[in-house]
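What follows is one structure encoded as structure tokens, with my remarks underneath.
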Amino acid sequence: MARCPCLECGVLTRRGSRCGRCEAARQQLRDQQRGSSAARGLGYQHRKLRDIVLADSPPCHWCPAPATTADHLVPRSLGGLTTLDNYVPSCRPCNLSRQANLDWIPPNQR
């Protein structure tokens, strides 16, 4: 594997674009800016509903993969509520790629 200079400090690295120390500092800054899940409105009620939705290891609502997260059918940013009928089981890749796009098409249906 080729060694490339870190984008932040210039140290040669094999881990992608940043060395371990610079990547850890960057992630820490992201976490501080983003805030905790409770600060983003995903507190106790969300965790409780997520556990209900993910009970019995269901498949993803969007694809056949195992579900690992609970996705809002109507995203919170578009007025969706944190209620059981607005949650579906989702795998992490589908949840991350869908985001707040209501017209999103799952990869296996394209």
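The values are calculated or read from the model by the stated rules, or taken from the named source; none is laboratory data. In this text the structure is predicted, and so the values were computed from the model without any measurement. So basically every Cβ, Gly included, is an ideal-geometry build from the backbone, and we count neighbours across all protein chains shown. Just the protein is used for accessible areas: all its heavy atoms, side chains included, with ligands, DNA and RNA removed. Shrake-Rupley method; radii C 1.70, N 1.55, O 1.52, S 1.80 Å.
For the reader, a short list of remarks on this structure follows.
- Of the residues making up the stretch 27-42, those that are surrounded by 11 or more Cβ atoms within 10 Å (Cβ to Cβ) and part of a loop (DSSP other than H, G, I, E, B) are SER37, ALA38, ARG40, GLY41, LEU42.
- Checked against the criterion of being out of contact with any helix residue (DSSP H, G or I) (no Cβ under 7 Å at 6 or more places or on another chain), loosely packed, with under 13 Cβ neighbours inside 10 Å, in a helix (DSSP H, G or I) and of a type outside the set (Ser, Thr, Tyr), the stretch 5-18 has no qualifying residue.
- Checking every residue in the stretch 7-14 against the condition of being without any contact (Cβ under 8 Å) to a residue 12 or more places away in the chain and β-branched (Val, Ile, Thr) gives at least one match.
- Residue that is in contact (Cβ under 8 Å) with a residue 24 or more places away in the chain and either of a type in the set (Gly, Ala, Ser) or in a loop (DSSP other than H, G, I, E, B) (or both), where the choices are ALA100, ALA24: ALA100
- In the stretch 78-97, the residues that are assigned to a loop (DSSP other than H, G, I, E, B) and surrounded by fewer than 18 Cβ atoms within 10 Å (Cβ to Cβ): GLY79, GLY80, LEU81, THR82, THR83
- Residues that are touching a strand residue (DSSP E or B) at 6+ places or on another chain (Cβ under 9 Å), open to solvent by 70 Å² or more (accessible area, probe 1.4 Å) and outside any loop (DSSP other than H, G, I, E, B), drawn from the stretch 45-77: ARG50, ASP51, ILE52, PRO59, PRO66
- Scan the stretch 33-72 for residues that are under 23 Å from GLN109 (Cα atoms) and touching a residue at least 40 places away in the same chain (Cβ under 8 Å) and the total you get is 3.
- Filter result (open to solvent by less than 90 Å² (accessible area, probe 1.4 Å) and more than 17 Å from PRO59 (Cβ to Cβ)) within the stretch 98-110: ALA100, ASN101, TRP104, ILE105
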